[in-house]
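Here is the structure we will look at, set down as structure tokens.
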Amino acid sequence: MTATRVALALALALLPPAMAGAQGLAMPEEATLVLDENAGLSSTRIPVAGFDGETVPAIRAEGMLIRQVWQAPLQGRTTLQMLAPLRDQLRAAGYQVIHECAARECGGFDFRFATDTLPEPEMHVDLGDFRFLSARRLADGQPEYATLMVSRSATRMFVQLTRLAPQKTGPAVEAPQAGPAPGPDVDTALIAALERDGRAVLGDLVFATGAAQLDTGPFESLNVLAAYLRADPARAIVLVGHTDAEGGLDSNIALSRQRAAAVRNYLVEALGVPAAQVMAEGVGFLAPLASNLTKSGRQANRRVEAVLLGAR
């Protein structure tokens with residue numbers, strides 16, 4: 001074992017368990033780590049869908065933020081060939097992919113500059129040839145996030161790994177019922193969209209593929225929505241579930257309604273929203289946001305929206 005590999009093994013052994021999985025991604029031997037930045041306790045936005053024409057839907061999360069950038073000779077590789085084994089390693093470490101896209105289907109310029117991507121010369125992004133992936137896992141019951149941005153120049157491959165791990169804290173204290181305070185971007189954007197357009201996509205919700213069970217959370221959008229509803233008993237919403245176009249209409253309507261109901265249950269049971277203020281319905285694939293012919297379009301169409309009703 002070389003001295004470099006011995007040092008890497010020792011460094012991994014000293015890492016908190018929550019961070020070791022992503023830290024240990026195996027890069028090609030010819031890859032060089034050109035930047036290793038520990039920003040400490042910080043926050044960042046984790047994209048959960050491509051650019052929708054106005055914004056890039058994202059989760060605002062906080063934790064111990066680490067960014068790493070590798071460069072490697074191109075050697076005929078494509079960005080997908082570089083990304084695929086890294087994706088497999090994240091999955092093996094317990095991560096679930098939230099969003100994956102390539103260049104134009106991500107949203108090109110608008111998407112790239114909405115991500116936490118480091119500048120030149122360490123990181124380079126070709127707007128016509130890049131791939132992005134965001135992933136999530138639970139570490140000691142808390143969410144941990146990882147994102148990959150892979151791109152290339154004429155001669156080199158560039159990989160940025162960004163990790164956000166839970167902060168190690170002392171004994172747990174009972175949290176307020178509404179959960180952690182929402183980030184200002186989600187707070188402002190979600191309520192503004194709800195009151196301006198009458199509807200808002202709850203972009204940070206996570207469901208298992210083909211299943212109606214909502215992940216454990218926390219979900220910033222639901223914390224914001226719960227606070228908004230509890231502040232005025234006259235406010236009421238309908239949660240509307242949507243699916244992509246895979247499968248029959250009846251089964252998709254049933255699935256979309258079940259997902260909306262799961263969100264309603266979370267608002268009522270976990271966040272204390274009066275049941276009379278929240279309804280749940282589903283429309284299957286009848287109201288798409290994007291084309292179902294692309295992967296990113298299908299992912300955008302799988303969603304739950306909040307629709308604001310008049311005063312009760």
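The values are calculated or read from the model by the stated rules, or taken from the named source; none is laboratory data. In this text, all values refer to a predicted model and were calculated from it rather than measured experimentally. Glycine gets a Cβ as well: all are built from the backbone with ideal geometry, and neighbour counts include every protein chain shown.
Key figures
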{"item": "Residue match in the stretch 255-267 (condition: more than 30 Å from Glu144 (Cα to Cα), in contact with a Phe, Trp or Tyr (Cβ under 9 Å, 6 or more places away or on another chain) and at pLDDT 90 or above)", "result": "no"}
{"item": "Identity of the residue in the stretch 62-76, in contact (Cβ under 8 Å) with a residue 12 or more places away in the chain and farther than 16 Å from Thr117 by Cα, that ends up surrounded by the most Cβ atoms within 10 Å (Cβ to Cβ)", "result": "Gly63"}
{"item": "Single residue of the stretch 275-299 satisfying the filter (of a type outside the set (Gly, Ala, Ser) and either exposed (fewer than 14 other Cβ atoms within 10 Å of the Cβ) or not assigned by TED's automatic domain parsing to the domain that holds Gln258 (or both)) that is farthest from Arg259 (Cα to Cα)", "result": "Leu293"}
{"item": "Pair list, Cβ under 9 Å, 6 or more apart: the stretch 198-221 residue at pLDDT below 80 and surrounded by fewer than 18 Cβ atoms within 10 Å (Cβ to Cβ), other residue aromatic (Phe, Trp, Tyr) and part of a loop (DSSP other than H, G, I, E, B)", "result": "Val206/Phe219"}
{"item": "Filtered residues of the stretch 230-257 (kept if under 15 Å from Val304 (Cβ atoms) and either over 22 Å from the mean Cα position of the chain (by Cα) or of a type in the set (D, E, K, R) (or both))", "result": "Ile237, Val238, Asp244, Asn252, Ile253, Ala254, Arg257"}
{"item": "Of all residues in the stretch 267-299 being in contact with a helix residue (DSSP H, G or I) (Cβ under 9 Å, 6 or more places away or on another chain) and among the polar types (S, T, N, Q), the one that is farthest from Ala234 (Cα to Cα)", "result": "Thr294"}
{"item": "Test result for Glu246, part of a loop (DSSP other than H, G, I, E, B) and of a type outside the set (S, T, N, Q)", "result": "yes"}
